[in-house]
Structure formats: C-alpha cells, structure tokens
Amino acid sequence: MKQRTKSAKAKTGVARLLELAGTKKKKLIAACVLSVLSSAARMAMFFTIYGVVQELLVHYVTPLEIDAGRVYTLVAVTFGAALVYGVCAFISSALAHGAAYDVIYALRIHIMNKLGRIPSGFFTGTTQGAVKKVISDDVEQIEVFVAHHIADIAAAIATPLFTLLYLFIMDWRLALVTLIPIFISLFILGSGLKNPKGAQTQIDMHDTKERMEGTIVEYIHGMPVVKIFNRTLSAFRRFEDSISDYVKSVERTAYHFEAKMGAYYAFFGAQLLFLIPAGLLIAPRAASYADFLPVLLLFFLVGGGLKEPMENMMSMVLHSKRISEGVARIDRILRQPELETTGDAAPSAYDVVFENVSFSYGADDTQAVKNLSLKLDQGSINGLVGPSGGGKSTVAQLLLRFYEPQEGRIKIGGVDIRDIPPEKLTTLVSYVFQDSFLFHDTVENNIRMGNKEAPREAVVQAAMGANIHDVIVALPKGYDTVIGEADAYLSGGERQRIAIARIFLKNTPIVILDEATAYADAENESKIQQAFARLAANKTVLVIAHRIRSIQNANQILVLKQGQLLGAGTHETLLAGFGLYSDMVDANERRDRWTIRKGAVTV
Ligand SMILES: Nc1ncnc2c1ncn2[C@@H]1O[C@H](COP(=O)(O)OP(=O)(O)OP(=O)(O)O)[C@@H](O)[C@H]1O
C-alpha cells in the first residue's frame, strides 16, 4: 500500500491518468491496436486507388492492355479495406468507450471510498464545492480523454510513420515536400503556445470560466437571500460581470491566437500548394510521364489523409494541460491524509474523558480548544453551554474524530479513540446535527441510514420514539414517500425528528445533540424534547445547548468559553457559585420572556 502511494506520487499528468486507468489496460491496448488497424486500412485505400489510377494511366493509349484482373483485385481490396476500416474503428471506439466508463466508474468509487476515510473536518463549505467539481467535471474529462484520445494517439503516431515511410520509398523528394506544410504549421502552433502572453490568456480564460461557474452556483443557492433583501439587480450584476469577464477573456485568447491559428490551419491542409510546383519541377525529369502522374496523384490523396490523425494528436496535446490539472485535483483528494487507527480496541464502558486536549483548525488559527479536560459519566446527561464561538461544536467534532487534536487524548471507556477503528467508533457515538441532511430518498431509507439491516418494524418503532410516525403515515405514500418530491414537504422540526429517528435506530451508547431545538416552534420543541428524553435513556449524552432551560436537569453542565472549561457542575451549584453561568441564565430568561405585541418587541 505504502509502495503504491510512493509510485503514485512520482507520476503526474497523462502518465498518472494511465496509472489510474490501470485495470482497464487490456481493453485500452486492444482499442489502440484496432485504431491503428483502422487507420492503416484507411491509408491502404489511398494506395489501392493509386494502383487502379496507375494501371489506367499507364495504358491510357492502349486500353486493351489494361490488366482487368489487377484492377478488379485492387477494387475488391479497396472495399475490403473500407470494411476493415469501419469495423475496426467501430470496435476500437466501443472498447475505448467501455474502458472509459469502467475507468470513471472505478475512479468515482475509489474517490468516494477515500472520502469515507478522510476525517470529516475536511468537508467544509469550500472543499465541498471543490470535491463536487472533481467527482463530476474532472472525472468526466478523463472519460473524454480515455474514450477518444488514447486510441487516436496510437493511430496518430503509427499511421503517419508508416505512410511517410512508404511515401519516401515511392518518391523521397515529394515526401519531403509533403512534410513542409506540416512542419510550418506545427512551428506556428508551437510558437503560439509557447508565447508567455498566449499561455497567460489561456490561464485567464480558465480562471474566469471557473469564477463564472462559481458565481452561477452561488447566485442560484443564494436566491432566497437575494430576494428577501431585494438585491436581485446588484446580485445579478455580479453574475453578469462574471459572464462578461469570461467573454472578454475568450475574446482576448481568440485575438491572440487569431493570426497564428489561421496560419496553422491554412498551412496544415496546404499540401497541394507545395506539391503542384514540386510536381511541375520534377515531372520533366521523370523517366515516364505515365509513371510519375499516378505517384503525384497518390501524394495529393495521401497528403490530405495525413491531416486527420495529426490533427487528433494536436487536439490531444492542447487538451493534455487540462487533463493534467484535473488529474492533479483528483490526486489532491486521493492523497489526503487518512484517519490513522493505532489499534483494534472495542471499549466495554461508555464514559467519555478529555485529557488536556488542545486543538486549532489551522497552523495560523488560535486554539479553538485549549488544554481541555472533562469527564462525561456513563449514562449521564451533560449540557455544554457557553458564548458563541466558545468551542462547543469543536468539542463534539473532536469526539467524533472529525479532527485530530494536536495535544492530549480523548477516551471512551478508558480506550483512546485513536485505538478504535473508525467503523467501530461510529457504532459508539452518534450526532444529531443542528441542520440534519435528508437524502432524496424514501422516508424509510432515510431513517434506515441509522441501521441498514433494520426491518420495517424497527424503522416504525424508531419513528414512534422520535415522535414523527404520525406525520409519516399522513404523507401520500407513508414510509415510501420520497422526501423532497411534490406533496412530501416536511417542516424543519419534522426533518429534525426524522434525523432523530435515525439515531434511535442506530442506538449508540453515546449521543451528541447539537442545539437540536434551536429552530423548532413550541409544539415541535416539546415533541423533540420528548423524543430526546426517550433517546437519552441509559446513554451517555452531551447536549450542546443555547437554551439553558433544556439542560437544567442535566447531571452535569459544562461552561466553555474561548476553548477553555470555565466551570462544571449541576444547574444549582453553577447558579450559586459561578457568575458567568448566572449571567447566561439571566440572558436566557430575558430571551424566553420576549413577546411580540402589536408589531412591537417587548422584553
Ligand atoms: N472549520 C473551521 N475552520 C476554522 N475555524 C473554525 C472552524 N470551525 C470553527 N472555527 C473557529 O473555532 C472557534 C470555535 O468554534 P465552534 O463552532 O466550536 O464554537 P461554538 O461554541 O460551537 O459556537 P456556536 O455556539 O456559535 O455554534 C471559533 O473561533 C470558530 O471561528
């Protein structure tokens, strides 16, 4: 495994892409061989046609001497070559496409598996967008490359090589003349691509395109906020500006390459321009006009035939930079450090201990948790309170190993969580997020996320425990209703109760509830509170709470400020002896007394 990572590090660009495509090499090699064969058959047609033309021209004054047998054979071979060309091109393309889809399927699964092993803290808002781009766009680019370019390259190298060899044998002078426009056009293209200004215009074009795509996604996501604040026009202006920036960068690139690309295309197909004068010069010196004319015609024909494979090669070279960037982005994910597990322990007790834990999100960030030590007894309910930004969510995420602390240890039942395999840890700790994500799937499958093997009855029991069963059965298709489809609208509190049902079904001995009542209305809140009370029975529970009311009966309340534990105790002991806590309680009570009367907020 280590060796694989080492060799993976050594390769970049197309070489790395081929490595990623590794398992499909046989199909790809077969596709390349068939592509070369189809190209060879295509070129062979030019030579057989040349044979026919030669036969007819040599005997144009004595038609009776035409070797009909040779002509028929050549015509038959031409048809045969056309057939070989068609069949080989078809099978080669089918194999390359098959390999490409296999490769991108395997690659997407590989990336998804890897994502499962990366600490969850990796997935912030920004990385989510980047990961989405890698899995959809970059992997898709690879499909285009594998399906279309790899086999083309084989043909693009083999066909001109063999053809030119044959042409040199036929007439080396005309062969050299055939090469002149190709070399001139390649030189023009190369100088255009190498020019730093040209390279910069291309980079700008890609950057502005990415910015435009980002703005489009942001604009659509932020549409409700834009509307609420009536910022449609200004938001739209930003969106419009990003499109116009992109258009301008495309224009700049087009202007920069205009003359060069024009010259490139003009020369690339300009064999006749050079062959006609060369032919006129050589013809008078040829041994026989009837012998030379078919050769010249052959060069006319084949010169054009050389164009396509070489153009494919050019297009591959032009695309290879984008492919390299995409492969580098895929590798950035594949090379993310994974959660390291140092043991295979399974704790038999479920108390939680933080021992001198310190953590900061980045090297330059201040510590979100500072030398924190705390204990949650098995089967106890613990409230975690403190000012916003105090580190409450960070503590919960450290217990889930979303991040690794830089110092200290976290233990469950006396076992360091680094010694517990991640798949085991998820069976010990569950987390009800503030904003739980529901998949576009049936209600039943969404609850079953908690336990894939659970029978329908267990799913229903869990929904009952979470106080959501009645809402589910009232949906158009009950438990089979697909969440998010027409007539299957669920309120925020209802969605949260579905998330709680998941945790019921998962039935872990340790549960973290993150401000789960923050958005609920009074009715929802009491239903959620009941659900929590049932869920918490006999479990070690950590409630991250903004409402002191919801945790004032907890066995222990922990007060966290700027990442430090400032106090721990019951509601009563903290109230009696800890100023910050009583201030928080006062503030909470004032907030809970708020009423809105006749449009005025009174305290
Ligand atoms: N992904 C992150 N990257 C960098 N810093 C972060 C990240 N998440 C949180 N922080 C910082 O860590 C500190 C603690 O944040 P945390 O979310 O744990 O506090 P909190 O007490 O849960 O806040 P709140 O009650 O507002 O949810 C804050 O200064 C915050 O800005």
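The values are calculated or read from the model by the stated rules, or taken from the named source; none is laboratory data. From a predicted model like this one, the values you see are computed outputs, not experimental measurements. Please note: Cβ atoms are built from the backbone with ideal geometry, for glycine as well, and neighbour counts cover all protein chains shown. Surface accessibility is based on the protein's heavy atoms, side chains included, excluding ligands, DNA and RNA. Shrake-Rupley method; radii C 1.70, N 1.55, O 1.52, S 1.80 Å.
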Extended-chain gain in nm, criterion 0.36 nm per residue less alpha-carbon gap, ARG322 and ARG117: 71.0 nm
DSSP-defined antiparallel bridges as percent of all bridges, the chain, nearest 5: 55 percent
Area accessible to solvent at TYR105, 1.4 Å probe radius, in Å²: 150 Å²
Spin-label model distance (nm) - ARG534 vs ILE220, 7 Å beyond Cα toward Cβ: 3.9 nm
Between the stretch 171-202 and the stretch 436-450, the alpha-carbon center distance in angstrom: 58 Å
Accessible surface, the stretch 163-266, averaged per residue in Å² (probe 1.4 Å): 65 Å²
Distance between modelled label sites at ASN507 and ASP419, nm, 7 Å Cα→Cβ extension: 2.8 nm
Range in the chain, longest, excluding exposed trypsin sites (Lys or Arg not before Pro) [loop by DSSP; at most 10 other beta-carbon atoms within 10 Å]: 1-451
Extension gain, GLU240 back to TYR60 (0.36 nm per residue minus Cα-Cα distance, nm): 58.0 nm
Cα long-axis angle, helix 522-536 against the chain (0 to 90 degrees, to the nearest 10): 90 degrees
With Cα atoms, 0 to 90° folded angle of helix 289-334 axis to the chain main axis: 10 degrees
The chain: angle of helix 68-117 to the longest principal axis, Cα-based, in degrees nearest 10: 20 degrees
Label-point separation, TYR289 to PHE183 (7 Å along Cα→Cβ), nm: 3.2 nm
Aspartates and glutamates whose Cα lies under 15 Å from that of LYS477, excluding same-chain neighbours fewer than 8 positions away: ASP441, GLU444, GLU485, ASP487
All lysines inside 21 Å of LYS26 as judged from Cα atoms, apart from same-chain residues fewer than 8 positions distant: LYS11
Accessible-area composition of the stretch 469-588, carbon plus sulfur, in percent [1.4 Å probe]: 48 percent
Using alpha carbons only: equivalent-ellipsoid semi-axes of the chain, gyration tensor based, whole Å: 71, 26, 24
Amide H contacts of LEU565 (H built 1.01 Å from N, under 5 Å, at least 5 apart or other chain): SER373
Cα-Cα over 24 Å, subset of LYS27/LYS307; LYS392/LYS539; LYS133/LYS321: LYS27/LYS307
Estimated 222 nm signal from helices in the chain, with DSSP H stretches of n ≥ 4 weighted -39500 (n - 2.57), rounded to 500: -21000 deg cm²/dmol
Taking N as its residue count, the alpha carbon Rg of the stretch 13-334 over 2.2 N^0.38 Å: 1.33
Subset of LYS527/LYS561; LYS132/LYS197; LYS375/LYS411; LYS209/LYS248 violating a 20 Å alpha-carbon distance limit: LYS527/LYS561; LYS132/LYS197
Percentage relative contact order, the chain, counting C-alpha pairs under 8 Å, at least six apart: 14 percent
Per-residue ³J(HN,Hα) for the stretch 540-555, Karplus 6.51 cos²θ - 1.76 cosθ + 1.60, θ = phi - 60°, Hz, x for Gly and Pro: 7, 10, 10, 10, 7, 10, 9, 9, 4, 3, 6, 10, 5, 8, 4, 5
